[in-house]
Amino acid sequence: MKRLMAILFGVAAVVALPALSSADSKPATAILAGGCFWCMEHDFKQLDGVSKVVSGYAGGSRANPTYENYHDVDADNPVPHVEVVEITYDAGKVDYDKLLDFYFRHIDPTDGGGQFCDRGPAYRPVIFTASADEKSKAEAAKTSVEKLIKQPVAVEVQGTAKFWLAEDYHQAYAETHPTRYKFYRWNCGRDQRVEQVWSAAPPMN
């Protein structure tokens, strides 16, 4: 009798376990550019469902870029990299659409010539998509943002790009150099401009 009861309890426990979808059990990654990677990294670490954010470079033709040369171009490397973050997130907690919504609300989507005080192609806003579905969602998000802020959106949508990890001293910069980071962010006008662009839009869902 005891053995039978143990078997029945075991079966009941298995039945009671919630089914895990592939989205729940498999982490996803996204590569996004929105100006200074220190700021992007710090902002995305605040989003529930994000487990890891690292700074790096993507989108250019140069192999093994460094902070000194990632934006340089020459005959062999005609396309500059852009500063990006690689975001690892739990798709069961925060889906790609919400990730994009958070991204747009923490940059100036109207500025394709850089972001805030950082100017030039190395700082332009770019969404690097890993699939046709992500590309479709990114384009739809751009259209939605244009309606929300009532201004043209200058964010680029590109295909898959190789991510190159930035130097150690750039990682978690807001945590390792808090005073310098806060001074830079304020003087660059990032939060002030984001507030100006998004003040009239409804809050994020």
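The values are calculated or read from the model by the stated rules, or taken from the named source; none is laboratory data. Since the model is a prediction, treat every value here as computed from it, not as a measurement. All Cβ positions, glycine included, derive from the backbone under ideal geometry; neighbour counts span all protein chains shown. Calculation scope for accessible area: heavy atoms of the full protein, side chains included, ligands and nucleic acids excluded. Shrake-Rupley method; radii C 1.70, N 1.55, O 1.52, S 1.80 Å.
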Considering residues of region 159-203 that are among the acidic types (Asp, Glu) and open to solvent by 100 Å² or more (accessible area, probe 1.4 Å) only, the residue farthest from residue 138 (Cα to Cα): 168
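Evaluate the following for residue 96: is it modelled with pLDDT of 95 or more, of a type in the set (Ser, Thr, Tyr) and either touching a helix residue (DSSP H, G or I) at 6+ places or on another chain (Cβ under 7 Å) or farther than 24 Å from residue 185 by Cβ (or both)?
Working: modelled with pLDDT of 95 or more: yes; of a type in the set (Ser, Thr, Tyr): yes; either touching a helix residue (DSSP H, G or I) at 6+ places or on another chain (Cβ under 7 Å) or farther than 24 Å from residue 185 by Cβ (or both): yes.
Yes.
Condition check ((1) open to solvent by 20 Å² or more (accessible area, probe 1.4 Å); (2) among the small types (Gly, Ala, Ser)) across all residues:
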position: 83; (1), (2): no, no
position: 90; (1), (2): yes, no
position: 93; (1), (2): yes, no
position: 105; (1), (2): yes, no
position: 114; (1), (2): no, yes
position: 138; (1), (2): no, yes
position: 145; (1), (2): no, no
position: 149; (1), (2): no, no
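Check region 151-158 and report whether any residue there is under 16 Å from the mean Cα position of the chain (by Cα), open to solvent by less than 40 Å² (accessible area, probe 1.4 Å) and at pLDDT 95 or above.
Taking region 151-158 first, the residues under 16 Å from the mean Cα position of the chain (by Cα) are 155-158.
When the remaining residues are screened for being open to solvent by less than 40 Å² (accessible area, probe 1.4 Å), the result is 155, 157.
Going one step further and asking which of them are at pLDDT 95 or above, we end up with 155, 157.
Yes, some residue in region 151-158 is under 16 Å from the mean Cα position of the chain (by Cα), open to solvent by less than 40 Å² (accessible area, probe 1.4 Å) and at pLDDT 95 or above.
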Identity of the residue in region 117-136, open to solvent by less than 30 Å² (accessible area, probe 1.4 Å) and among the aliphatic types (A, V, I, L, M), that ends up nearest to residue 187 (Cα to Cα): 122
Among (1) within 16 Å of the chain's Cα centre (by Cα); (2) within 19 Å of residue 44 (Cα to Cα); (3) among the acidic types (Asp, Glu), the one test that residue 168 misses: (1)
Among residues of region 37-64, those that are surrounded by fewer than 23 Cβ atoms within 10 Å (Cβ to Cβ) and assigned to a loop (DSSP other than H, G, I, E, B), counted: 9
